[in-house]
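Computed from the coordinates by the stated procedures, all read-outs in this text should not be read as laboratory data. Keep in mind the model is a prediction, meaning the values are calculated, not measured. Glycine also receives a Cβ, built like all others from the backbone with ideal geometry; neighbour counts cover every protein chain displayed.
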Amino acid sequence: MIEDILAASVRIGTPLLFAALGGLLSERAGVFAVGLEGMMLAGAFAGVIATWLTSSLGLGLVASAAGGMALALVVVIATQRYGADQMVTGLAVNILALGLTSFLLRGFGARGEAPVLRVPTLAPWPIPWLADLPVLGAVLFRQPPLTYAGIVLALGVAVWLARTRAGLTLRAAGENPYAVFAGGTDPVRVRALAIVACGAIAGLGGAVLSLQQVGTFTDGMTNGRGYIALAAIIVGRWRPMAALAACVVFGAADALQLRVQGFRLPVSSYVIQMTPYLVALAVLAGVGRSARLPAAIGVPLLRERK
Amino acid sequence: MRKLAVALLAAVVAVATPSAGGSAQSGKVAMLLPGSINDQSWNAAGYAGLQKLKAQGMEVAYSENVQAADHIEAMKDYARRGFSPIIGHSGRFLSAAQRVGPEFEKTFFLVGSGSGGAKNVISIDIANEQFGYLVGVLAGRMTKTGKVGAVAGLEGLPNMIASMGGFRLGVKSVKPEAEVRVVYLQSMEDPAAAKEAAFSLIAAGADVVAGKLNAGHAGLIQAAKEKGVWATGRSLGHTAIAPERVLTNINEKWDEVYVAAVGDLKGGKITGGYHAYGYHTPAARGADLQYNEQRGFNTAVPAAVATEIEGLKKKMASGELKVKPTKDDARGGA
């Protein structure tokens, strides 16, 4: 029972984790990552299309990252080149991704009808020895590749942000971009690179859904997960490992919600379905109050002003 | 938020093919669909009906992914352009049809899977309780653990009560001690969430998973495939995902239903209210249990069980067996 719920929490949390890690890079560099939902969806779509065309899941993953990056470039151009509002740009990108993926999918069908593109899924890679551990084996070591990749990425981003010069520069771009400028580095460039990295990682989050879990693309299949990832970033106070924990907690809330429904409760399923969102709200209300945003987040940096 | 994207999409996708003669016999039929026509499930089935009407020489148009906020405007738009009947392919279109109906008295509004209506607003549905019941009987006969599960959405909607209630009654009719667990999801279009829901049922011991989802149903089949349990689908495409695990599909013949309903409408046989198509309406039975084009069931289903289900179909046709699920029969949980 515990093993089952924990394994489900990890599975449900994995796509959120990728999106949260990507968004975290963007936000630590000073750019709100509202476009995560769209970047995930673009990644989910591009991954399926590429896998379907080339029969290679590897190329599919590359395409997922590229799909997310393509949307990220739109954000870069709008917010960094033209100083557009980051929130509005993010929302616009989400709407763009929803419409564009639905529209392009129909381009692969006859007479403008949406086809069903079925692709193989990434199978679990049990890790020898570790997979046989009680409880932990099933939860952590019998997962598909992207789940391992997500955990490794979280560790990598945590170390990179805290311990490397480049990580320091990225954080400075979000806290005091003019110091970065004074140090001889262009903060706009730093932010642009962070947004593009965010797109690539969030795109892989979409691939978790389409290539690892389901094996096809359907319209709007991210279904709001990008927004939950945004909440996970805030709950995790912009720290990678804490964001990972938040994603697992949100995954657990969803896993529990499904299992609680399995018992006969005198409560409407609609109420039970709300729990993951209520958990997110409650945690945000508690943790969010003391959360400190990167000081220069949302502040546009225009070349002319420097 | 989806609205803008969807409106753009609808504008691009909506196709109106002018009919050759435009004679009095052919008409202009429009269809509004709540999801995408490629979902291998609910929306694909409705769209197939529209294609059949087109083959009969009618002028057709459709809009996909029509969101609740756009129901009324989309209906009015088609009504002004002279389409009749205007088909809303989901019970969700009923309230919009009831709002728009009195304003366009000469236009007929057909609500697929609706539950009521008056005058020019007509709800048609397949007899979900019959098909849910038969799948329940099959699940009850196939389970070895004595536990079966189902994943659905939109708890409390009349057609969902019919489907899930019928399912539970079917299971209990052959195995009264069996445990039937139903889990309802927030979205019927989210395959990743459906897969997790199915996993939760399987973890609780279910060795047959059924349900009623749209694009999400593929996730349920995928879960059964990975865990090696039985599943029932909603289209022949689901058999293709896991040929060895799918027992049968409730293959809804919305194409036949809409052709029959539009015919009945023109013949004056149906008017405002609710009409169900099932084994009791031989001209269009609404759906059938199909594994693939040739077979009704997976070869793993014993012949005796298949025969038993055929017998039940006959009893439904003659009216001897009437399935009447209540809200409690369709409850979530065990």
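Could you give P(r) for region B:60-127, binned at 10 Å from zero, as whole percent values over all Cα-Cα pairs?
Reading the bins upward from 0: 24, 61, 15, 0.
In nm, to one decimal, how far is the modelled label at residue A:287 from the one at residue A:299, with both set 7 Å along Cα→Cβ?
Going by the 7 Å Cα→Cβ label model, 2.6 nm.
Going by how many other Cβ atoms sit within 10 Å of their own, how do A:292, A:171 line up, fewest first?
A:292, A:171
Can you list the aspartates and glutamates whose alpha carbon is less than 20 Å from that of residue B:144, not counting same-chain residues fewer than 8 positions off?
Filter leaves B:177, B:179, B:207, B:226, B:244, B:308.
Restricting attention to the alpha-carbon atoms of the protein assembly as shown, what are Rg (one decimal) and Dmax (integer), both in Å?
25.7, 87
Output the Kirkwood hydrodynamic radius of region B:143-244, Cα pairs only, in Å rounded to one decimal.
One decimal place: 13.3 Å for the Kirkwood radius.
With θ set to phi - 60° and the Karplus curve 6.51 cos²θ - 1.76 cosθ + 1.60, what are the ³J(HN,Hα) couplings of region A:165-172 in order, to the nearest whole Hz, using x for Gly and Pro?
3J(HN,Hα) across region A:165-172, in whole Hz: 5, 4, x, 4, 4, 4, 5, 5.
When you count, for each residue, the other Cβ atoms within 10 Å and take the mean per peptide, how do A:270-277, A:5-12, A:208-215, A:81-88 rank with the highest first?
Taking the mean over residues of other Cβ atoms within 10 Å, the ranking is A:208-215, A:5-12, A:270-277, A:81-88.
Taking each residue of A:269-278 in turn, how many C-beta atoms of other protein chains fall within 10 Å of its C-beta, and what is the average?
4
Tell me, what HN-Hα J-couplings in whole Hz come from the Karplus equation 6.51 cos²θ - 1.76 cosθ + 1.60 at θ = phi - 60° for each residue of region B:128-134, using x for Gly and Pro?
4, 5, 5, 6, x, 4, 5
Highest GNM mean-square fluctuation, chain B, Cα pairs closer than 10 Å: which of B:172, B:106, B:253?
B:106
Please check chain B for the longest run free of GluC sites (Glu not before Pro) that are loop-located per DSSP (anything but H, G, I, E, B) and have at most 12 other Cβ atoms within 10 Å.
B:1-104
How many percent of all Cα-Cα pairs in region B:201-334 sit more than 18 Å apart?
When all Cα pairs of region B:201-334 are counted, 64 percent exceed 18 Å.
For a footprinting-style exposure proxy, rank A:129, B:254 by other Cβ within 10 Å, fewest first.
Starting with the residue having the fewest Cβ neighbours, the order is A:129, B:254.
Return the average number of partner chain Cβ atoms within 10 angstrom of each residue Cβ along peptide A:95-104.
Per-residue shielding by partner chains comes out at 5.
What ³J(HN,Hα) values, in whole Hz, does the Karplus curve 6.51 cos²θ - 1.76 cosθ + 1.60 give for region B:197-213 when θ = phi - 60°, with x put for Gly and Pro?
Here the 3J(HN,Hα) series is 4, 5, 4, 5, 5, 5, 4, 7, x, 5, 10, 9, 10, 10, x, 8, 9 Hz.
If you take each beta carbon of peptide B:200-208 and count the beta carbons of other chains within 10 angstrom, what is the mean?
Partner-chain Cβ atoms within 10 Å, mean over residues of B:200-208: 4.
Take the cross-link list B:76/B:253; B:28/B:52; B:54/B:322 and give me the ones stretching past 23 Å between alpha-carbons.
With Cα atoms farther than 23 Å apart: B:76/B:253; B:54/B:322.
Order of A:231-237, B:146-152, A:101-107 by packing, highest average Cβ count within 10 Å first?
Ranking, from highest mean packing down: B:146-152, A:231-237, A:101-107.
Cα to Cα, under 16 Å, and not fewer than 8 places away if on the same chain: which aspartates and glutamates meet these conditions relative to residue B:314?
Within the straight-line cut-off, residue B:314 pairs with B:129, B:288.
Taking amide H positions as placed 1.01 Å from N in the peptide plane, with prolines and chain starts having none, which residues 5 or more places from residue B:249, or on another chain, fall under 5 Å of its amide H?
Distant-sequence amide H within range of residue B:249: B:233, B:290, B:291.
For every helix of n ≥ 4 consecutive DSSP H residues, a contribution of -39,500 (n - 2.57) applies; sum these over the protein assembly as shown, divide by its total residues, and give [θ] at 222 nm rounded to the nearest 500 deg cm²/dmol.
Taking each H run of at least 4 residues, the total per residue is -17000 deg cm²/dmol.
Name the long-range amide H neighbours of residue B:147: under 5 Å, sequence gap of 5 or more, or other chain; modelled H, no Pro or chain starts.
Excluding prolines and chain starts, which carry no amide H, the hits are B:179, B:207.
For region B:267-322, state the semi-axes of the equivalent ellipsoid (square roots of 5 times the eigenvalues of the alpha-carbon gyration tensor), sorted largest first and rounded to whole angstrom.
Output for region B:267-322: semi-axes of 28, 14, 8 Å.
Return the inverse of the average 1/r over all pairs of distinct C-alpha atoms in region A:115-170, which is the Kirkwood hydrodynamic radius, in Å to one decimal.
The answer is 13.6 Å.
Starting from the Kirkwood radius over alpha-carbon pairs of region B:234-310, derive D by Stokes-Einstein at 20 °C in a medium of 1.002 mPa s and give it in µm² s⁻¹.
153 µm²/s
Ratio of alpha-carbon Rg to the 2.2 N^0.38 Å globular estimate for region A:185-262, to two decimals, please.
Relative to the 2.2 N^0.38 Å estimate, region A:185-262 comes out at 1.33.
How big is D, in µm² s⁻¹, for region A:235-306 by Stokes-Einstein at 4 °C and 1.567 mPa s if Rh is the Kirkwood radius over C-alpha pairs?
88 µm²/s
Which residue, B:28, B:212, B:144, has the most motion in a Gaussian network model of chain B that connects Cα atoms within less than 10 Å?
Highest fluctuation among the options: B:144.
Quick one: grab Rg to one decimal and Dmax as a whole number for chain A, Cα atoms only, in Å.
19.5, 64
If I model a spin label at residue A:88 and residue A:163 as a point 7 Å from the Cα along the Cα→Cβ vector, what separation in nanometres do I get?
4.3 nm
May I ask for the distance between the Cα centers of region B:207-262 and region B:275-334, given as a whole number of Å?
After rounding, the separation between the Cα centres reads 14 Å.
Let a ≥ b ≥ c be the square roots of the eigenvalues of the Cα gyration tensor of region A:1-117; is it rounded (a/c under 1.5), or, if not, prolate (a/b larger than b/c) or oblate?
It is oblate, given that a/c is not under 1.5 and a/b is not larger than b/c.
Can you sort A:148, B:78, B:62 by how many other beta carbons sit within 10 Å, fewest first?
A:148, B:62, B:78
Show me the trypsin sites (Lys or Arg not before Pro) within region B:267-334 that DSSP assigns to loop and that have at most 16 other Cβ atoms within 10 Å of their Cβ.
B:269, B:295, B:322, B:327
Between B:192, B:69, B:30, find the one with the highest GNM mean-square fluctuation for chain B; connect C-alpha pairs within less than 10 Å.
Residue with maximal mean-square fluctuation among B:192, B:69, B:30: B:69.
Could you compute how fast chain B diffuses translationally, taking Rh as the Kirkwood radius over C-alpha pairs and applying Stokes-Einstein at 20 °C with viscosity 1.002 mPa s? Give it in µm² per second.
Translational diffusion coefficient: 107 µm²/s.
Please compare each pair in B:195/B:227; B:172/B:195; B:172/B:225; B:175/B:225; B:119/B:266; B:106/B:266 to a cut-off of 21 Å on the Cα-Cα distance and tell me which ones are over it.
Too far apart for the 21 Å limit: B:172/B:195; B:172/B:225; B:175/B:225.
Along the Cα-to-Cβ line of residue B:172, 7 Å from the Cα, sits a label point; which residues in region B:291-334 have backbone N less than 14 Å from it?
B:323-334
With everything on Cα atoms, drop me the angle between helix A:275-287 and the longest principal axis of chain A, reported from 0 to 90° to the nearest 10.
Once rounded, one gets 40 degrees.
Please sort A:38-44, A:252-258, A:138-144 by packing, taking for each peptide the average over its residues of neighbouring beta carbons within 10 angstrom, highest first.
Top to bottom by mean Cβ count within 10 Å: A:38-44, A:252-258, A:138-144.
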